[in-house]
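Single-structure report; data block below.
The values are calculated or read from the model by the stated rules, or taken from the named source; none is laboratory data. Bear in mind that the values here come from a model prediction, so they are computed numbers and not experimental data. For neighbour counting, all protein chains shown are included, and Cβ atoms are generated from backbone atoms with ideal geometry for every residue, glycine included. Side chains included, ligands, DNA and RNA excluded: accessible areas come from the protein's heavy atoms. Shrake-Rupley method; radii C 1.70, N 1.55, O 1.52, S 1.80 Å.
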Amino acid sequence: AQSVTQLGSHVSVSEGALVLLRCNYSSSVPPYLFWYVQYPNQGLQLLLKYTSAATLVKGINGFEAEFKKSETSFHLTKPSAHMSDAAEYFCAVTGVEYGNKLVFGAGTILRVKS
Amino acid sequence: DAGVTQSPTHLIKTRGQQVTLRCSPKSGHDTVSWYQQALGQGPQFIFQYYEEEERQRGNFPDRFSGHQFPNYSSELNVNALLLGDSALYLCASSLTGGFDQETQYFGPGTRLLVL
């Protein structure tokens, strides 16, 4: 079955530092890709999505992600971390090779140090 | 613009009992999907409802069933609860055939604890 992999279950950065959260997918056909954020005891909030338009996608809260077909990746970045960015981040994919179901990665918990 | 709502927010049940969770989709959406998120894991797809029928199903036993009503709201029913059913249950909505049909918007979830 096709999968999505998030490298690093925990990432720790200092406030003001670059945030980089990694996501790789396994399908041969580029899928639709999403990043969601989950704050403690809350549901999922959509950060951004790639749907075969521009490869560099800008989202909310200063986050952006770049789709790289050659690397089957969709890494999430933010130039300068804020304390409020501390949360769990999920990469998700859907498409024909995923049975048109939304498949999630295991998540990456982002810790921001002051 | 009303987002996805779910009720109740929290629920405690004992093994063997049955539970019903409810979801109202985002205004203008007609498709509802349900996910189970166990502690420390990503959400797992349970099933999706469209036009009052189950359109897709994930790898969950028949103890998990659902329903969609004419107003597009949905229920998730779980019978014969097991300890392993303890999780956050998330509902998501989307618009089939819309320009953004691939995107699902999530509710706040219902946290179920089975004792």
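Quick look at the numbers
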read-out	value
Cα gyration tensor of chain A - equivalent ellipsoid semi-axes, whole Å, descending	24, 14, 12
For chain B, diffusion coefficient by Stokes-Einstein and Kirkwood Rh (Cα), 20 °C, 1.002 mPa s, µm²/s	153
Accessible surface of B:LYS13 - all protein chains present, 1.4 Å probe, nearest 10 Å²	50
Among the listed pairs A:LYS78/A:LYS113; A:LYS49/A:LYS78; A:LYS68/A:LYS101; A:LYS49/A:LYS101; A:LYS49/A:LYS69, those beyond 18 Å (Cα-Cα)	A:LYS68/A:LYS101
Cα convex hull of region B:50-89, projected area averaged across orientations, nm²	3.2
Amide H partners (placed H, <5 Å) of A:GLY107, local residues excluded	A:GLN6, A:CYS91
Ranked order, B:ARG63, B:ARG55 - accessible area, probe 1.4 Å, largest first	B:ARG55, B:ARG63
Rounded to whole Hz, the Karplus (6.51, -1.76, 1.60) HN-Hα couplings of region B:12-26, x for glycine and proline	10, 10, 10, 3, x, 6, 10, 9, 10, 10, 10, 8, 10, x, 4
Rounded Å value of the spacing that divides the Cα centres of region B:60-111 and region A:1-44	22
Taking the convex hull of Cα positions in the protein assembly as shown, its mean projected area over all directions (nm²)	12.5
Summed side-chain charge close to A:TRP35 - residues other than A:TRP35 whose Cβ falls under 10 Å, Lys, Arg +1, Asp, Glu -1	0
